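The values are calculated or read from the model by the stated rules, or taken from the named source; none is laboratory data. Computed from a prediction, not measured in an experiment: that's the story for all the values here. Glycine also receives a Cβ, built like all others from the backbone with ideal geometry; neighbour counts cover every protein chain displayed.
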Amino acid sequence: MVRIGSRKWTTAQIEQLTRLLDAGISAPRAAIAMKRSITVVRAMARNLGKTFSDHNRAVISGQPMRGNLMHKFFFDMKDGVPLRDQVGIEFKTNAEAIGHCKELAQHFRDESLRDDQDLEISVVNASGREIHREFVHRES
C-alpha cells in the first residue's frame, strides 16, 4: 500500500498564500496556484487567521442561460493526469465561466516556472459536459 505523505509548507509558500489571500483570490484558484488541495489551502489560511474571499466570479458579458439563475462550473486541470475540481464556481453564463478559465490560464502562464505543453484547463458544466478547453502553454 502506498502512503500519501504530507508536504510541509515552506516559508515561501506561506508568503505566496498570504499574497493570494490579500489579493482576494478564491480558495479553488489558490489551490491550483499552490498545487495543493482546497482543503489543505483553506486549513493553512485558517492557521494564518485569514479567510478566502467570496467574490471569485469573473465579470464578462454574455447571455444568461436561464433568467438570473447561477450555474456551477468546474475547472479541471490535466497534464497527463486529471485533477478534478470538486468544488466548482457559479456563473450566470458559459461566457463568464470561459472567461474565468482564460484568466486562470493567463495566471499559470505568468507565474509558472516551467512550460508544460500538456497542461490544460477544461471547463465542465454541472451536467458533466465539457464546454471549453484551454491549453495553458500552447498557442490555441
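Structure data summary
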{"read-out": "Flag if Lys50 is assigned to a loop (DSSP other than H, G, I, E, B), surrounded by 12 or more Cβ atoms within 10 Å (Cβ to Cβ) and at pLDDT 85 or above", "value": "yes"}
{"read-out": "Matching residues in the range 87-140 - criterion: being of a type in the set (Gly, Ala, Ser) and exposed (fewer than 15 other Cβ atoms within 10 Å of the Cβ)", "value": "Ser112, Ala126, Ser127, Gly128, Ser140"}
{"read-out": "Residues of the range 10-26 satisfying the condition of being of a type in the set (Gly, Ala, Ser) and modelled with pLDDT of 85 or more", "value": "Ala12"}
